[in-house]
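One structure below.
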Amino acid sequence: MVHILVSETRSALITGLTGQDGSYLADQLLEKGYDVYGLVRIPSMPTSTLIEHILDDVTLIDGDLTDQASINRAISISKPHAIYNLAAQSFVATSWKQPILTSEVSALGVVRILEGIRYLAPDSRMYQASSSEMFGKVQETPQTEATKFYPRSPYGISKVFGYWAVVNYRESYGIHASNGILFNHESPRRGLEFVTRKISYNVARIKMGLVDKIQLGNLDAKRDWGYAPEYVDMMWRMLQQDEPSDLVVATGESHSVREFCDEAFRHVGIDDWESYVDVAEAHFRPAEVKELRGDASLAREKLGWAPKVDFRRLVQIMVDSDMELLTSHREMTEPTV
Amino acid sequence: MAENRSALITGITGQDGSYLAEMLLGKGYEVYGLIETRREECLAHLEGCLDDIHQVYGNLATTRGIHGVIREIAPDEVYNLGAITMVTLAWKDPVKVFQINGMGVLRLLDGIRRYSPKTRLFQASTSELFGDVTESPQNEDTPFRPRNPYGSSKLMAHQAVVQFREHKDLHASCGIMYNHEAPRRGPLFVTRKITQSAARISLGHDETLFLGNLDARRDWGYAPEYVEAMWRMLQQDRADDYVIATGQAHSVRDMVAAAFARVGISDWEAHTRVDPRFYRPAEEVDMLGDASKAERVLGWKPRVPFEEMVGLMVDADLARLRAEG
């Protein structure tokens, strides 16, 4: 007689499935044998190509973080062992123009998920994508789990609220919920509106003679940039702990936008790259966060986590991928003579 | 001097809102009050001044409504005192609590920025922002560690004010208000429960006061003075955040003793029982505010001593009970 151990199949519900992190997380969880469900706004589907390759393997549930009923429904359908809340209105500039919408999604969305867990799935574990934007106007460098928050935008404020909601529900209801305070993490799947991808994509285009210039904002802004697939792995690890906790995930090194340009251009053999870059005041953020650098010692100590892809390698991966993307695009669209 | 100035007060029907309305009317302001319901019992605190204020019916929950009010009145000052304040309710409906306490001020800030950028805003922050305190007393630099959705939503509101001040040049200030009491305090709050009970017992209407932890300590001030501090913040050239507190902690026991002393009962223990249903463990570190910045910059200092505040509350309860017969 064959016994099918149903209990061995774990299920996970991901919000923000169609984004960079969500798509990598889905890849990794499918690999580990999870049933993967995604809460998605159906109108956003046609715009996402990041999950095209796994559309047959994941279950999409129509819903939205502004709608408690749809969250409850998603929890009922997926019966998740783990919920990863990666969805947010994450554009800082938009958060100033639409602060109410931003907080409805990025702040209250967290409470709605926690409420869903509290009433429908109290044993489910939750990962909350907290962000280094919470440190904003940094009060000390490097930033650790104990650093005081000083958010600089309605987006950052919403993330701080989400952070505390997780702590409040954990302490009051014993929910296994953890905050990953992730510093910037990039990859070929990063959206083109983010500075790293904007650089890698345009460096590839410049190299191929498709454009002559990139317009950038503050070249001196410094960030702690890591490689997204490694950070996503950390999300999963955090939910495997016996006790939930809040952890900083970062490389511990910060690099300027200028250094990113330097690595990217050099990688395609352009050394005197300054002439290709226009610095435009319009791209400066109203409240610029100057230097973010995280100290992930606690994550290393608790979970043995350490980033393997360093800054230079990250830039190379992104530029190579964009070169490949553009090459295949050209092959598809340009007639060969 | 203050002639023709206008102020919009949210939460005008509450303890602070009604004291503030009276104070501003006394200074010659045109006072607009955001009122959610016409129900008579909800307007009780405004009895004396209802005809003098402009009543605006609405609440903090809709963006269109709030933006409309700001555009239409373009008040010189806005006092955002409206909030869902019962911590127990915050766990029952955290979404609603956030929509009012957290997003309400975002609606005001966004509306002011769009339609009336000269308007000054006061935001009622609370010592609950500090929540799980590890140092005492607390000041403007003490880290925030809210313990429940009430505190978390108030923290978001507080940070929103700071952000709009720093990046959108709004004149917006937060008062981090410690507990403040007065005869208009709601009967569900422990202070009012005590003064009401002492009055009733002294008149023979009741025999016993049931309380939780007598050792719980709080920094209790007198509400009309705290309302004065709000106004002072908006008269500064620069907007900023201030802790408003007495700097002195008293226990529930102190308050019971003071309340009974006012009605001439010295053996208060005989009339008080500890009911485990109300018991909450005492905090290890005192929730105690350091208001020295408010004293330095605003020239604000609490004057009514603790015993006197309790006495005023007991007197008011006695008068009310006698009036009811």
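Per-structure values
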item	result
Cα centroid of the stretch A:287-326 to Cα centroid of the stretch B:310-325, whole Å	67
Percent RCO, i.e. relative contact order, over chain B, from Cα pairs under 8 Å lying at least 6 residues apart	17
Burial order of peptide ranges B:217-225, A:126-134 (average beta-carbon count within 10 Å, highest first)	A:126-134, B:217-225
Alpha-carbon centroid distance for the pair the stretch A:70-88 / the stretch A:221-252, whole angstrom	21
Within the stretch B:1-68, GluC sites (Glu not before Pro) in DSSP loop having at most 11 other beta-carbon neighbours inside 10 Å	B:GLU3, B:GLU47
Total formal charge among the other residues, if their Cβ is under 9 angstrom from that of B:TYR178, Lys/Arg +1 and Asp/Glu -1	0
Relative contact order, percent, chain A [alpha-carbon distance under 8 Å, six or more residues apart]	16
Qualifying GluC sites (Glu not before Pro) for the stretch A:148-250 [loop in DSSP, other Cβ within 10 Å: at most 12]	A:GLU193
Estimated 222 nm signal from helices in chain B, with DSSP H stretches of n ≥ 4 weighted -39500 (n - 2.57), rounded to 500	-11500 deg cm²/dmol
Estimated 222 nm signal from helices in chain A, with DSSP H stretches of n ≥ 4 weighted -39500 (n - 2.57), rounded to 500	-12000 deg cm²/dmol
Pairwise centroid distance, computed over Cα atoms, of the stretch A:191-212 with the stretch B:92-142, Å	41
Residues A:ALA69 and A:THR9, FRET efficiency given R0 of 41 Å [Cβ-Cβ distance, rounded to 0.05]	0.95
Built amide H within the under 5 Å cut-off of B:ASP241, gap 5+	B:CYS174
Residue order for B:HIS180, B:HIS271, B:HIS54 - accessible surface, 1.4 angstrom probe, largest first	B:HIS54, B:HIS271, B:HIS180
Amide H partners (placed H, <5 Å) of A:GLU145, local residues excluded	A:VAL248
For residues of A:92-100, the mean tally of beta carbons on other chains within 10 Å	3
Residues with amide H under 5 Å from that of B:ILE35, placed H, sequence gap 5 or more	B:VAL56, B:TYR57, B:GLY58
Residue mean of other protein chain beta carbons inside 10 Å, A:104-110	3
Under Karplus coefficients 6.51, -1.76 and 1.60, residue-wise ³J(HN,Hα) of the stretch B:11-22 in Hz, glycine/proline x	x, 5, 7, x, 3, 5, x, 6, 5, 5, 4, 4
Gaussian network model of chain B, springs between alpha carbon atoms under 10 Å - residue of B:PHE130, B:PHE278, B:PHE164 with greatest fluctuation	B:PHE278
Dipole-positive endmost among B:GLN123, B:GLN163, B:LEU24 within the stretch B:23-171 (Cβ charges, Cα centre)	B:GLN163
Charge-dipole axis of chain A as Lys and Arg at +1 and Asp and Glu at -1 on Cβ define it, positive-most pick from A:THR15, A:ALA121, A:THR251	A:ALA121
Net dipole in debye of the stretch B:94-147 [+1 Lys, Arg Cβ; -1 Asp, Glu Cβ; about Cα centre; nearest 20]	500
Whether the stretch B:90-172 is rounded, prolate or oblate, judged on the alpha carbon gyration tensor where a/c under 1.5 counts as rounded	oblate
The stretch A:45-114 - percent relative contact order, Cα under 8 Å, separation 6 or more	36
Förster-model FRET efficiency, 51 Å R0, A:GLU259 and B:MET86, C-beta, rounded to 0.05	0.45
A:LEU325-B:SER292 pseudo-label distance in nm [points 7 Å out on the Cα-to-Cβ vector]	5.6
Residue-wise HN-Hα coupling along the stretch A:301-318, computed from phi with Karplus coefficients 6.51, -1.76, 1.60 (Hz; x: Gly, Pro)	5, 7, 10, x, 8, 8, x, 9, 7, 8, 4, 4, 5, 4, 4, 4, 4, 5
Entries of A:LYS97/B:LYS92; A:LYS32/A:LYS198; B:LYS27/B:LYS118 with Cα pairs more than 23 Å apart	A:LYS97/B:LYS92; A:LYS32/A:LYS198
Positive dipole terminus of the protein assembly as shown, leading residue within B:TYR178, B:LEU209, A:SER321 (C-beta point charges)	B:LEU209
Share, in percent, of DSSP beta bridges within chain B that are antiparallel, nearest 5	5
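The values are calculated or read from the model by the stated rules, or taken from the named source; none is laboratory data. Source: prediction; values computed, not measured. Don't worry about glycine lacking a Cβ; one is built from the backbone with ideal geometry, like all the others, and counts go over all protein chains shown. When the accessible area is computed, the model is the full protein with side chains, heavy atoms only, and any ligands, DNA or RNA have been set aside. Shrake-Rupley method; radii C 1.70, N 1.55, O 1.52, S 1.80 Å.
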